[in-house]
Amino acid sequence: MAKPDTAPRSTAPRPKMKNLRKQPGFDTMAWACLVFLYAPIIVLIIFSFNDNRSVVLWTEFSFRWYTAAFENEGIRKATMVSLKVAGVATVFATIFATMAALATTRNPPFKGQALVYAIINQPLMVPEIVTAVATLAFFSIIKQLTGINGIGYLMLAHTVFCVPFAYMPIRARLEDMNLTLEQAAADLYATPVQVFRKVTLPLMAPGIVAGAMLAFVVSLDDVIITLLVGGPGETTLPIYILGQIRRGITPEINAVSTLLLVLSVVLVSLFFFLGNRKK
Amino acid sequence: MAQNGVSQGADTHKNMILAEGVVKTFGQGEHMVTALDNVSVTIRQNEFFTLLGPSGCGKTTLLRLIAGFDLPDRGNILLDGQEIGHLPPYKRPVNTVFQNYALFPHMSVARNIGFGLEMQGRPAKEISEATDRMLALVQMEHLADRQTDQLSGGQQQRVALARALAPHPKVLLLDEPLSALDLKLRKEMQIELKRLQHETGITFVFVTHDQEEALTMSDRIAVMSAGDILQVGPPKEIYNNPARRFVADFIGDINILEADLTSGDTQATLPGGARINAILPNSWAPTGRVNVAIRPEDMALTQPGADNAALHGTVQNIVYFGSGHNVHVALDSGLDIIVRCAGTSHEVGALVGITLPDAVQVLVD
């Protein structure tokens, strides 16, 4: 699971960076890292426009595989499942994260606050495969006891691991906000509900949007938990791609991957943009 | 507002805020800090009242208790005869100008100013009229549609003032609002604040650690230290007749000398034998060794041995400060004092005589 760096902070001291740059071999290593990181992605994008079925031989530019991908029933269904799960998970995770962020930043420090942070951020620290196995076992028990099945379990699992991703930017935003703004509003006759609606919420909105987008992206490309928890007919796009790849890489998969990439890049860029627009 | 201007003076001595036995502590157990220790104070209607003291003296805490951001542990706070000590901030007809202004960054200047009235649910027409009036009052009409982050410090200050005044509160609280401004702007705003207080007829409670600012603007000053109010009075009284040693030390330059006072005597004996009339603090009759305070400008240098020279010493240093000189003199009794004079013909090392004022203030420690 690609976990984007959620702390867009340039806290690295400048002079130290300069010294590091002067070290012999720095440029070479930097370039090597960039090439190994992005070259495969660039190759994937290029070959998604290849007219040929081969993923190693270039023949001609074409949108053929994009058309094929759009016409593929399996891909369309998987996309719909992905969007549904990510959408529901994003909404609920963002609501929970917002409430958690308000509770941890707008109250006086309390005993066990560190523990609360740890619990909220737990999905970031526990190996995902452990969470996946545990969730699978837990859901099996519930299913057996209640007899209820359906995609709700997958949505619930996604909601849970999306919470910390949504929580971090919202909390960062709230911690940046001056408490006296809310006091000033209360001083000017705003009731607690009005303070929240007129001041707190509009000011924390960029954080909420950033958190929601991050949660959406994280849910969209999750594999491990989805693979274990998702039942039949609950195939998300990454799981579908994984299944197809077992039968060899096709340019069609390249096309779908490229589209996923574009969506992620757009959302993450927006996230950085909103995160940096502070005042 | 005009009506209020007219009624000014009529009720000058009516009490607006009455704090009685207010106690406020922060923290628990060993970390407990007493911010206000049984404080009582009366603030009159339509006065410019200043809480003056060093940081940590409790002046901001008292202001926050009046605003409602904190609640007192004990004691009552009455506003216009009504107990408000336990009401939330939005139920108190009191507005605050914050030290960092706390303007809403997502609203225009005009919406910031109209916010209080909007929250009170006033009609849109009334809000826009009041906003226009406030913009005019602080001379910001041309910037009504600006975002607040495009304003200079002085402009933000004016918007913060207009926003707090717009709902026409009974009391305006100002928490060191001038401390972020540069000296020239600060002087301008001091006069501006005084004008606004006069024009609106609203009671101002101003918090500052700057004694000069307090003396310039206030009708009355309360000097605070360590959670206690030491003295309340008009600026001249605070300056000329400090009752407590802390007040004397905190406000302006002052010389504190030891003197002897015998029971029933109206004169104190200074070291060297000079006798001088003593002003005693209210209802306090000390005897024996006391401290007396003399302002540097109330003394003058004269020839050694002159008839009017009550003290003698040697000039240690002469410091020029623009409008005069501070002459540091080491008294024969060993104490260093400062004498302020416009010009001086004396030189460092010279023997001088020092004349004293008619009377000196005796201080309570």
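Bear in mind these aren't lab numbers, they're just calculated from the coordinates by the rules spelled out. Quantities reported herein were computed from a predicted structural model and do not represent experimental measurements. For neighbour counting, all protein chains shown are included, and Cβ atoms are generated from backbone atoms with ideal geometry for every residue, glycine included.
Structure notes:
- Listing B:VAL352, B:VAL339 from fewest to most neighbouring C-beta atoms within 10 Å gives B:VAL352, B:VAL339.
- Taking θ as phi - 60° and the Karplus parameters 6.51, -1.76 and 1.60, the scalar couplings of the range B:174-184 work out to 10, 9, 6, x, 9, 5, 8, 9, 6, 4, 5 Hz in sequence order, x denoting glycine and proline.
- Average Cα contact separation per residue, chain B, under 8 Å, 6 or more apart, as relative contact order %: 16 percent
- Applying 1/(1 + (r/R0)^6) with r as the Cβ-Cβ distance of A:LEU37 and A:SER140 and R0 = 30 angstrom yields a FRET efficiency of 0.20.
- Exposure proxy for B:HIS325, B:HIS142: other Cβ atoms within 10 Å of each Cβ, ordered fewest to most, give B:HIS142, B:HIS325.
- Ascending count of other beta-carbon atoms within 10 Å, so fewest first, for A:TRP58, A:TRP65: A:TRP58, A:TRP65
- Computed from Cα atoms, the angle from the helix A:251-276 axis to the main principal axis of chain A rounds to 20 degrees.
- Across the range B:275-345, C-alpha contacts under 8 Å between residues 6 or more apart give a mean separation that, scaled by the residue count, equals a relative contact order of 26 percent.
- Projecting the Cα atoms of B:TYR320, B:ILE113, B:PRO281 onto the dipole axis of chain B, where Lys and Arg carry +1 and Asp and Glu carry -1 at the beta carbon, places B:ILE113 farthest toward the positive end.
- Among A:VAL81, A:THR236, A:PHE216 the positive-end extreme of the charge dipole of chain A (Cβ point charges): A:PHE216
- Close amide H contacts of B:ASP70 (hydrogens built in the peptide plane, cut-off under 5 Å, sequence separation of 5 or more or a different chain): B:LEU65.
- For q = 0.13, 0.15 Å⁻¹, Debye-computed log10 I/I(0) when each Cα of chain A counts as one equal scatterer: -1.04, -1.21
- Remark: the range A:22-141 carries a charge dipole of roughly 420 debye about the Cα centre, counting +1 on each Lys and Arg Cβ and -1 on each Asp and Glu Cβ.
- Estimated dipole of the range B:190-305 in Debye, rounded to 20 [Cβ of Lys and Arg +1, of Asp and Glu -1, Cα centre]: 260 debye
- With Cα atoms, 0 to 90° folded angle of helix B:153-165 axis to chain B main axis: 70 degrees
- For B:LYS187, the aspartates and glutamates whose Cα comes closer than 13 Å to its Cα, not counting residues fewer than 8 places off in the same chain, are B:ASP210, B:GLU212, B:GLU213.
- Selected from A:PHE273, A:GLN144, A:LEU263, residue furthest toward positive end of dipole (chain A; charges at beta carbon): A:PHE273
- Helix axis angle, A:73-105 relative to chain A longest principal axis, alpha carbon, degrees: 20 degrees
- Within 10 Å of each Cβ in B:85-93, the average number of Cβ atoms from other chains: 3
- For the protein assembly as shown, Kirkwood radius (reciprocal of mean inverse C-alpha pair distance, Å): 31.1 Å
- Near B:GLN99, the amide H atoms lying under 5 Å from its own belong to B:ASP175; only residues 5 or more places off or on other chains count, and H is placed 1.01 Å from N.
- Computed from point charges on the beta carbon alone (+1 for Lys and Arg, -1 for Asp and Glu), the dipole magnitude for the range B:15-245 about its Cα centre is near 160 Debye.
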